[in-house]
């Protein structure tokens, strides 16, 4: 207790609100294990907070992983308390913003180890990670605390993981990949023939547009969508590629479908049922699939370097896409002039254990166990995949960049999407 009182006194002097929060934490609820090696460390839920052989050496290695000379650094998570002093020892550091990733674990650390050296350093700022709307660069994140983040800090955890994954994701989209280059070349004639998605821009100024994804909660809205389509002034319906077949099977014909993935098959985009439905596509789709489409076709690019050579030969407008076709569908709605975008099936999670509406498990993607989670609209943890969390982060940033548009989410069972609102009449 004397260790805790000493640490708490420094905290109360500099960050009294955080000190009050620390006193409220139930540290007894933590599954804590002391692990011995050449040194010792603590494991929470089986996850070590640091090395048990050379804590200081590990922290110095981690602190040295950032490029030298950065005067301001954000540190997400403190490990066992070795990380802040290691970063403070960097030459030229003027400010270290420490962000707590788990309030209860932080309260435990104040009880077991002396943290006063870095808590007292005037260069240190301290807050909960979740107090900020987004991550700050440059940063270092304590790897264990990506797994141990609390609910309050989960959104920042998601954005940290998405940022860390960027080099890995970008490596999958090599502009010189022979298969991808051949696919793009095969669609060159169609690109010259088909309409530009820009023709649709500003065509629905001030209107309500429904954007339909394939999350499990879509299944609860088929009746509503059928009724909406026969109104005197029906909303425009834009769906993503994998939502088309389930919608058609349930009597809903969208106005437009957006497809960007090179793995899309005719079963996902049934050309024989496409009459009267506009297709907005990236030229990564298979040529035969595009040729089979009976509705109108509009081509587009993303900003990816994959399309750089092609866009020099055939000019087309761009749609935003950061890994998910839903991004492009939402961006289309906004570019068309929507005053309000209502999202259906935008779940980014396994609701009720299902991945998609209208498809059997494993039909669209492999199935496997996952320990990743997001918060839903009720504040509950629901299982997800790491890539879905990244897509969610990108959509949230897109929404934040378009305050002129209202965004509605139609189910609280899927992921909580920052910047959207839940209408009381259907998002129970």
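A short reminder: the numbers here are calculations on the coordinates, not readings from a lab. Keep in mind that what you see is a predicted model, and the values were worked out from it rather than measured. Reconstructed Cβ throughout: ideal geometry from the backbone, glycine too, with neighbour counts over all protein chains shown.
Could you compute Rg(Cα) / (2.2 N^0.38 Å) for segment 2-170, with N its residue count? List each step's numbers first, then the result.
On the way: Rg = 15.2 Å, N = 169, 2.2 N^0.38 = 15.5 Å.
Its radius of gyration relative to the 2.2 N^0.38 Å reference: 0.98.
Relative contact order for segment 92-133: what is it in percent, counting Cα pairs under 8 Å that are at least 6 residues apart?
Details: 30 pairs, mean separation 25.8, N = 42.
With pairs under 8 Å counted, the relative contact order is 62 percent.
Separation of segment 158-211 and segment 359-392 by C-alpha centroid, Å?
23
Please compute the modelled spin-label separation between residue 365 and residue 117, points set 7 Å along Cα→Cβ, answer in nm with one decimal.
4.4
Take the chain, connect every pair of alpha-carbon atoms lying under 10 Å apart with a spring to form a Gaussian network, then pick out the residue of 190, 67, 244 with the largest mean-square fluctuation.
Of 190, 67, 244, the Gaussian network model singles out 67 as fluctuating most.
May I ask you to compute the full-extension gain from residue 38 to residue 174, defined as 0.36 nm times their residue separation minus their alpha-carbon distance, rounded to one decimal in nm? Provide the component values of the computation, followed by the final result.
Working: separation 136, 0.36 × 136 = 48.96 nm, distance 4.43 nm.
That works out to 44.5 nm of additional length.
Helix 154-171 versus the longest principal axis of the chain: what angle, 0 to 90°, nearest 10, using Cα atoms?
On a 0 to 90 degree scale, this one is about 60.
Among 145, 97, 36, 369, which comes first, then next, by fewest other beta-carbon atoms within 10 Å? Intermediate values should be presented prior to the final figure.
On the way: 145 27, 97 17, 36 9, 369 5.
Ordered by Cβ neighbours within 10 Å, fewest first: 369, 36, 97, 145.
What shape does segment 1-51 have by the C-alpha gyration tensor, where a ≥ b ≥ c are the square roots of the eigenvalues, rounded means a/c under 1.5, and otherwise prolate means a/b greater than b/c and oblate the rest?
Numbers: a/c = 2.77, a/b = 1.86, b/c = 1.49.
Prolate shape, in that a/c is at least 1.5 and a/b is the bigger ratio.
How large is the Kirkwood hydrodynamic radius of segment 308-368, in angstrom, based on all distinct alpha carbon pairs? Walk me through the numbers on the way to the answer.
Details: mean 1/r = 0.0691 Å⁻¹.
One decimal place: 14.5 Å for the Kirkwood radius.
How far, in degrees from 0 to 90, does helix 325-335 lean away from the longest principal axis of the Cα atoms of the chain, to the nearest 10?
Helix 325-335 and the main axis of the chain meet at about 70 degrees.
Just the number, please: percent antiparallel of the DSSP beta bridges in the chain, rounded to the nearest 5.
Working: 12 of 52 bridges.
The answer is about 25 percent antiparallel.
With the chain treated as a Gaussian network of Cα nodes joined by springs under 10 Å, which of 72, 356, 20 yields the largest mean-square fluctuation?
20
For segment 178-409, report the translational diffusion coefficient in µm²/s to the nearest whole number, using Stokes-Einstein at 37 °C, 0.692 mPa s, and a Kirkwood Rh over Cα pairs. Numbers along the way, then the final one.
Details: Rh = 18.1 Å.
Using the Kirkwood radius from Cα pairs, D works out to 181 µm²/s.
For a quick check: sort 336, 3, 101 by the number of other beta carbons within 10 angstrom, fewest at the front. Write down the numbers at each step before the final one.
Values: 336 20, 3 14, 101 27.
Result, fewest neighbours first: 3, 336, 101.
For residue 45 and residue 309, what is the calculated FRET efficiency with R₀ set at 56 Å and r taken between the beta-carbons, to the nearest 0.05?
Values: r = 49 Å, r/R0 = 0.87.
With R0 = 56 Å, the Cβ-Cβ based efficiency is 0.70.
Before rounding to the nearest 500, sum -39500 (n - 2.57) across all DSSP H runs of length at least 4 in the chain and divide by the residue total; then give [θ] at 222 nm in deg cm²/dmol. Kindly include the intermediate steps, with their values, before the conclusion.
On the way: 16 runs with 143 residues, N = 428.
That comes out to -9500 deg cm²/dmol.
Which of 65, 120 comes first, and how do the rest follow, when ranked by fewest Cβ neighbours within 10 Å?
Details: 65 8, 120 11.
Ordered by Cβ neighbours within 10 Å, fewest first: 65, 120.
Springs between alpha-carbon pairs under 10 angstrom, Gaussian network model over the chain: which of 43, 182, 333 fluctuates most?
In the Gaussian network model the winner is 182.
Treating segment 23-69 as a set of equal point scatterers at the Cα positions, no solvent, please give the Debye-formula log₁₀ I(q)/I(0) at q = 0.15, 0.33 Å⁻¹.
These q points yield log10 I(q)/I(0) values of -0.53, -1.11.
Given a cut-off of under 8 Å on Cα pairs at least six residues apart, what relative contact order in percent is computed for the chain?
Numbers: 770 pairs, mean separation 54.6, N = 428.
Relative contact order comes out at 13 percent.
Hey, how many Å between the Cα centroid of segment 35-94 and the Cα centroid of segment 284-315?
47
I'd like the orientation of helix 103-112 relative to the chain: the angle between its Cα long axis and the longest Cα principal axis, in ° from 0 to 90, rounded to 10.
Rounded to the nearest ten degrees, it is 20.
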